[in-house]
Structures are given as C-alpha cells and as structure tokens.
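The values are calculated or read from the model by the stated rules, or taken from the named source; none is laboratory data. On a predicted model such as this, the values are computed, not experimentally measured, just so you know. Every residue, glycine as well, gets a Cβ built from its backbone with ideal geometry; the counts of neighbours run over all protein chains shown. Each accessible area value is taken on the protein alone, full model and side chains, heavy atoms only, with ligands, DNA and RNA left out. Shrake-Rupley method; radii C 1.70, N 1.55, O 1.52, S 1.80 Å.
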Amino acid sequence: RREKHCLKLRKYPPCRSTSFRSAFQLLKASRCPYFYLCANQFTALFLAAGVSGSVAITALLAPTTGGLRQQLKKEGVEFTLPLAPDSVTKAVGGENLEDSENEDDTTASSWLHSMGLVTDDLPTAINSQKIAFQKSRTVDIDNHPESVVRVEGSNVHALFNFLLNCKTAVSTTGAQAGIPPTILAPSAFEGATLKSLKMKQSTVHEHIGGKLTRVHSLDISGPILPQALHNLCTLFQQTQQGNFSAYLNCIESTGGFNPGSKTQLSSPPRSTVPRHTPSCIDTYIASESTSQKSGLREVHCENSLYSVN
C-alpha cells in the first residue's frame, strides 16, 4: 500500500525589515508622502521630499534621550534639536560641542587641582566627560517633546540603517515583548494590512444658546492619520451645515512632530487670525504658533469658519 504524504507550506508575513524597507523605498520614490515607525521607546516620522516644505526627505524622532542621541552620533547620523531651548546646543556633534567639552574639561581639572586633588587618583567613574555631561542642560529635555530629533537629506539613510538594526526598537520584557515596531502609512507597502478603526455613535442633549438641543457624537478610537482628519473635517462641514467640533487625544511625546521645526514655518499668529476658511485650515494647523511642543487638541467649525487649539 502506497501512502501519499502532503506537505503544507504556511506562508508567513514578511519580517519587519522587509516592510520597513518597502515603506522607505516608496517614500524615496514619492509614492508614499510619509509613514510612522512606532517602536517601544520612540516614534519615527519619515517625510518625503516636498512634504511640509522640506526640499529633501526628512525624518523626525521622538522622544529621545542622551544615550540614544549619543548612539546616533556614533553611527554618523547628523541631526539637530529644533525644539530645544536656546541654551541647549542645537547641532549635536559639531565643533561648538567639542569646544564646550574642552572648556568644561579644563575648568573641572583646574577646580580639582585647586582643592589639592589629582585626577589620576580619582576613581574612573569621575572623569572630565561625565563632569561635562552632568553640567550640560541637554539632559533636561530627555523624554520630552523638546527632545525631538530632526534628520535631513543623506543622513536619513544613515538613520534608516540605524533603526533597521536597532535592538531597543523591540521590547524584551512585558506584554509587548518580541513585538516588532508598527508602521503606519497612508499607502500600501509590503506586509501591510488594512484595518478599520473602532467607531461609536451616540446622541446627547446639551443646552446651546439657552435651548435644549440634541447633539450627535461620533467616537473614533485608533490612530488617525493627518489626511484622515482633513477628510473628516471636510465631510462634517458638508453634512453638518458647517457647524461641528472635534476633540483629539494626542500622544504627548510626539507633539514635536507638528511640524518639528520652528525655523522653516511662517504664518500669522493666533491673535491676528483667530478664524480661518477651509482653504487655509491645513496651513494653520501646521503653523508655528500651534505646533511647537504639543499636538492639535480641538477643531471648531462655525458657519464654515475654523478655529483650532
């Protein structure tokens, strides 16, 4: 008796490196305007050339720590801290930082000698580099929106290679142990899946203008991409006779992504332009006055005129 054996091959989804490469290639080819890489400890936003006023491809990384920025420096990734205070060095790894470290080294050594101490006799944990690091105020921005890192041009490729091999991008403990970073993009890439967000519709009664009015509400849970917000506002403006309000829940650590730079944007301040027509609502959302350290919280439309907070 001859038995037939069948071998069933299971098709596994592509690994995270394949999906990451696919999304990045689409970005470089201008087939995808942007995508998010949501890792365990940080989130990266990649922007195609021409998006948000940038000439070349751009990447934003937040939140960051001194250790992560030091790793980027060792890998040859040049970056800036666009939202950092003026007292913090904006170009990390530049000549200004090296000069300041040398000055701090000389000052620390002189102070130790004046106290009758010799640096060679001190433990290895006490050295000029750690003294200079403790005196630096850069550590104050760690894990805050001000720690957002901006990478431009050819350095984005170096950042891509760094994130592709970054071991800290995957958690080793906890409920998310072993789960690779999530890629969110408005365009399809290899290994991508299309999922619907959770929606809940309800009706409440509120006092508006001294009258009891029935108000319809729609709760949407999940990641809402920027162009989805624009589409929802356009839809509600048409279906609600130009009167509606939207309340958003943003991730604080990614507030610096909107837009991630204080120098490349110019728009009227909030006090001079309190309301906007639909044609310029996108420009105002991306303006400097509303997007330095926090994301968009509220969008109000009254008689087809917008106001944002």
Seminar exercise, completed: Note: among S221, S217, just one is on the phi < 0 side of the Ramachandran plot and open to solvent by less than 60 Å² (accessible area, probe 1.4 Å), namely S217
For this session: Would you mind telling me which numbered condition in (1) assigned to a loop (DSSP other than H, G, I, E, B); (2) modelled with pLDDT of 90 or more; (3) open to solvent by 60 Å² or more (accessible area, probe 1.4 Å) Q71 fails?
Result: (1)
Problem set entry | Close pairs (7 angstrom Cβ cut-off, 6 or more residues apart or separate chains): at pLDDT 85 or above in the stretch 283-309, open to solvent by 30 Å² or more (accessible area, probe 1.4 Å) and part of a helix (DSSP H, G or I) anywhere | C301/Q237; S304/Q237; S304/P278; Y306/P278
Problem set entry | Residue within the stretch 38-47 that is over 17 Å from the mean Cα position of the chain (by Cα) and among the aromatic types (F, W, Y) present | no
For this session: For I57, work out the one condition from (1) exposed (fewer than 14 other Cβ atoms within 10 Å of the Cβ); (2) modelled with pLDDT of 65 or more; (3) farther than 23 Å from H144 by Cα it doesn't fulfil.
Result: (1)
